[in-house]
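Every read-out reported here was derived from the displayed coordinates using simple, explicitly stated rules and does not represent laboratory data. No experiment lies behind these values; they were computed from the predicted model shown. Don't worry about glycine lacking a Cβ; one is built from the backbone with ideal geometry, like all the others, and counts go over all protein chains shown.
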Amino acid sequence: MAYWLFARDGQSYLPPDEVVARLVAEFPYVATSKQDGRRFVRGMIQQLQTINKFGESPVDREHLERLERLEDEAIYVYFEDWTSEAVYLGTAIIPGEPLFFMYSSSEQERAARPLLLRCAKALDYEIVDI
C-alpha cells in the first residue's frame, strides 16, 4: 500500500518549488510546510541511522549525508480535490528524490488513486507500486 513517483528515464526530478507550482495549478487546495518537510527528512535520517546502528541492512552513507544536506530544503505538501472521496494526499518533496505516498488502508488507497494519477500526470512522473 505504497507508491513512488519517479522522474521518467532521462529526466531530472523537478525542484520542490516547481512541484508545488504544478500541484497548485492542478488541485483546488494545496498547502505546504517547510517545518513538516524538515521533520520528515529528520525522521528518515534517524530511521536510517538506527538501521545502520543495528546492522539490519547496509545503509548508503552517501544517501544519508545527502539527506542531511537537503533537510532544510525539503517541503511537505498536502493537496486535495473536494470532489474526490480521498480527504487529501501528502508527501515530502526532497530535491532530487522521488515522491513517496503511503496509505493506511486499502480503502484510502482506492479513494486516493485519482489524486495520485493526477499528481503523476501534472509532474510527468511515473507511478511505481512497491
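Observations on the model:
- Taking one quarter of the surface of the C-alpha convex hull of the chain gives a mean projected area of 8.2 nm².
- Per-residue Cβ neighbour counts within 10 Å put 32, 83, 50 in the sequence 83, 50, 32, beginning with the fewest.
- Among the GluC sites (Glu not before Pro) in the range 23-77, those located in a DSSP loop and surrounded by at most 14 other Cβ atoms within 10 Å of their own Cβ are 56.
- With neighbours defined as other Cβ atoms within 10 Å of a residue's Cβ, the residues 103, 29 order from fewest to most as 29, 103.
- Working from label points 7 Å from Cα in the Cα-to-Cβ sense, the residue 127 to residue 60 distance is 2.5 nm.
- Simple spin-label estimate for residue 6 and residue 108 in nanometres, 7 Å along Cα-Cβ: 2.5 nm
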